[in-house]
Amino acid sequence: MAKPRVLVTRRWPVAVEAQLQDQYDVVLNTHDKPLTPSEFRAALTVYDAVLPTVTDLINADAMDIPKAQTKILANYGVGYSHIDAAAAKDLNIMVTNTPDVLSECTADLAMTLMLMVARRAGDGERELRDGKWTGWRPTHLIGTKVSGKTLGIIGYGRIGQEVARRAHHGFGMKIIVQSRSAVNPDILAQCGATQVDTIEDLLPLCDFVSLHCPGGADNRHLINAARLNLMKPDAFLINTARGEVINEHDLARALWFDTIGGAALDVFDGEPNISPDLLGCDNLVMLPHLGSATRTTREAMGFRVVENLADFFGGRAPRDRVI
Ligand code: DGY
């Protein structure tokens, strides 16, 4: 029997690409260049499976074909707000993602950002590399203490819980949680966390606020001027979730006018383009979407896709089906 035809839309870790090549009739994107909407439309009429990732905007336009050959979009990544759910359903395409395997590394990066912005690590590194460091002095690059402070976590799924574990058990932080549904009291108890009903309840209480909710239309601009105004004037906002969750213009204004202490972002609305508003803010740390970027995690994400595909083509229900 012919092997299923599979398209991988970006370069993946070598070990995962090799395994895919063993099992399927695979086309790899050796140039690592994102596909255009018309290339997507063509791919969906040719391949049995397409393996996209967060950089692939698979919206209604990219799926505007009468009938698809593709039966599964096995996404590399936990977030799938780049895939239009209604269009995928209309074409009868299943979508899977890669949860769990990236939670620890993404949480590590949220802690990295929190420490960087509070302790002015970006400022310090730039000063040193620019040859401007004149030596230790009691008033130099004074930051904010992280240990023992209050951390608000918006969205208490797997990544949010990993952040809470690090912050509470490692840094003695008090944890306050806001989530769409009631969190199991045993899970809250693991980090001595308290759940509040609304984001409005959470923001005024926190020294740090870390976002761990999904992206997509429902959460677009969840953090806007009105909510930024509720933060303490010296509090920090951390985002390792999705860029669209923050209204970046409103955030830039809050940073320009120092109505919050600072922000640290790993994700951006319309990335890789960065809003000039943000580039002008110096109380802001920015990283290029590195949340899951460790060798262990990126390989684990790939192998999780391989498992989902094996289940799908083996006639079993993939465990990570999201659409
Ligand atoms: C995801 O998986 O959604 C991340 O943003 C990329 O690791």
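Can you tell me which residue in segment 282-291 is least open to solvent (accessible area, probe 1.4 Å), limited to those that are within 16 Å of the ligand (Cβ to nearest atom) and closer than 22 Å to residue 152 by Cα?
291
Output the number of residues of segment 212-224 satisfying the condition of being out of contact with any Lys or Arg (no Cβ under 7 Å at 6 or more places or on another chain) and more than 15 Å from residue 181 (Cβ to Cβ).
7
Suppose we keep only residues that are β-branched (Val, Ile, Thr) and open to solvent by less than 50 Å² (accessible area, probe 1.4 Å) within segment 48-59. Which one would you say is nearest to residue 309 (Cα to Cα)?
My answer is 50.
I'd like the full set of residues that are under 20 Å from residue 217 (Cα atoms) and either more than 12 Å from the ligand (Cβ to nearest atom) or hydroxyl-bearing (Ser, Thr, Tyr) (or both), limited to segment 74-93.
80, 81, 84, 85, 86, 87, 88, 89, 90 - these are the residues of segment 74-93 that are under 20 Å from residue 217 (Cα atoms) and either more than 12 Å from the ligand (Cβ to nearest atom) or hydroxyl-bearing (Ser, Thr, Tyr) (or both).
Would you pick out the residues in segment 288-303 that are part of a loop (DSSP other than H, G, I, E, B) and touching a Ser or Thr at 6+ places or on another chain (Cβ under 8 Å)?
Scanning segment 288-303 gives 291, 292.
Being open to solvent by less than 20 Å² (accessible area, probe 1.4 Å) and either more than 13 Å from the ligand (Cβ to nearest atom) or in contact with a Cys (Cβ under 6 Å, 6 or more places away or on another chain) (or both) narrows it down to one of 265, 237, 230, 279, so name that one.
It is 237.
Among (1) surrounded by fewer than 19 Cβ atoms within 10 Å (Cβ to Cβ); (2) within 14 Å of the ligand (Cβ to nearest atom), there is one condition residue 317 misses while meeting the rest; what is its number?
Answer for residue 317: the failing condition is (2).
Go through segment 48-68 and give me each residue that's away from the ligand (no atom under 16 Å from the Cβ) and touching a residue at least 40 places away in the same chain (Cβ under 8 Å).
If the condition is that a residue be away from the ligand (no atom under 16 Å from the Cβ) and touching a residue at least 40 places away in the same chain (Cβ under 8 Å), then 48, 49, 50 are the ones that fit.
Which members of segment 63-76 meet the condition of being within 26 Å of residue 289 (Cα to Cα) and either assigned by TED's automatic domain parsing to the domain that holds residue 240 or surrounded by fewer than 20 Cβ atoms within 10 Å (Cβ to Cβ) (or both)?
If the condition is that a residue be within 26 Å of residue 289 (Cα to Cα) and either assigned by TED's automatic domain parsing to the domain that holds residue 240 or surrounded by fewer than 20 Cβ atoms within 10 Å (Cβ to Cβ) (or both), then no residue fits.
For residue 294, work out the one condition from (1) in contact with a helix residue (DSSP H, G or I) (Cβ under 6 Å, 6 or more places away or on another chain); (2) of a type in the set (S, T, N, Q); (3) buried (at least 23 other Cβ atoms within 10 Å of the Cβ) it doesn't fulfil.
Of the numbered conditions (1) in contact with a helix residue (DSSP H, G or I) (Cβ under 6 Å, 6 or more places away or on another chain); (2) of a type in the set (S, T, N, Q); (3) buried (at least 23 other Cβ atoms within 10 Å of the Cβ), the odd one out for residue 294 is (3).
Any idea how many residues of segment 22-47 are open to solvent by 30 Å² or more (accessible area, probe 1.4 Å) and touching a residue at least 60 places away in the same chain (Cβ under 8 Å)?
Qualifying residue count for the region: 1.
The values are calculated or read from the model by the stated rules, or taken from the named source; none is laboratory data. Since we're looking at a predicted model, the values are computed, not measured. Positions of Cβ are backbone-derived with ideal geometry, glycine not excepted, and every protein chain shown enters the neighbour counts. Accessible surface is based on the protein model in full, side chains and every heavy atom, while ligands, DNA and RNA are left aside. Shrake-Rupley method; radii C 1.70, N 1.55, O 1.52, S 1.80 Å.
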